[in-house]
Amino acid sequence: MTGLAANANGWFYVKDGKVDFSYTGLVQNESGWWYVQNGAISFAATGLVYDSNYGWWYVNGSAIDFGYTGLVYDSNYGWWYVTGGAVNFGYTGLVYDSTYGWWYVTGGAVNFGYTGLIYDSNYGWWYVEGGAVNFGYNSLVSYGGSWWKVTGGMVDFGFTGIVNYYGTNYRVVNGQVQF
């Protein structure tokens, strides 16, 4: 027998009829997918786990949480965007997490090194500072050879007027500086 088995002491990973205390990884049974560490399910593991066969997953109480979508912090690898329980390495764009707010993610990881404008097809143009959307930013930002008026962190395409930027007045039409 190979798989999960229970006795009075808990749940264990059994390989060829013996508990394999060297095994750490994911195992599936009729109740779901479980994170096994050193041959046993502790039911206390919550966070990102890695399995060489199945990749990176978010577990809650040692079970893969297929319903979880949001940001997860790993003390060794940083902040990651998880969708449907799995780290989404293919995602680049803005992410809203009800606990942590709005962040810019590239390749699945929060990009703390990015400062500037980003465009997200779902949310539009936003000013990101140190990886986080800066909702308090109200000034001009350079992007793609043009300068743009940002109000409340978002490019303000409806703004037409004069903006003072570091002591110089600039004419802005529909959010873009006119030189």
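The values are calculated or read from the model by the stated rules, or taken from the named source; none is laboratory data. The structure displayed is predicted, hence computed values, not measured ones. So basically every Cβ, Gly included, is an ideal-geometry build from the backbone, and we count neighbours across all protein chains shown. To get the accessible areas, we keep the full protein, side chains included, count just its heavy atoms, and leave off ligands, DNA and RNA. Shrake-Rupley method; radii C 1.70, N 1.55, O 1.52, S 1.80 Å.
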| message | Take the residues in region 166-179 that are in a loop (DSSP other than H, G, I, E, B) and closer than 23 Å to Leu94 by Cβ; name whichever of them is most open to solvent (accessible area, probe 1.4 Å). | response | Asn174
| remark: Note on region 114-165: residues over 27 Å from Thr99 (Cα atoms), open to solvent by 50 Å² or more (accessible area, probe 1.4 Å), assigned to a strand (DSSP E or B) and among the polar types (S, T, N, Q) are Ser142, Asn164
| task | Mind listing whichever residues of region 150-165 are more than 35 Å from the chain's Cα centre (by Cα) and of a type in the set (Ser, Thr, Tyr)? | result | Thr160
| request: Kindly provide the set of residues from region 58-74 that are of a type outside the set (A, V, I, L, M) and open to solvent by less than 40 Å² (accessible area, probe 1.4 Å), ordered by number. | output: Tyr58, Gly61, Ser62, Gly70, Asp74
| Mind checking which residues of region 75-96 are buried (at least 16 other Cβ atoms within 10 Å of the Cβ) and either over 25 Å from Leu117 (Cβ atoms) or modelled with pLDDT under 95 (or both)? | Val82, Gly85, Ala86, Val87
| request: Considering each of Tyr13, Tyr50, Tyr23 in turn, give the residue that is within 22 Å of the chain's Cα centre (by Cα) and hydroxyl-bearing (Ser, Thr, Tyr). | output: Tyr50
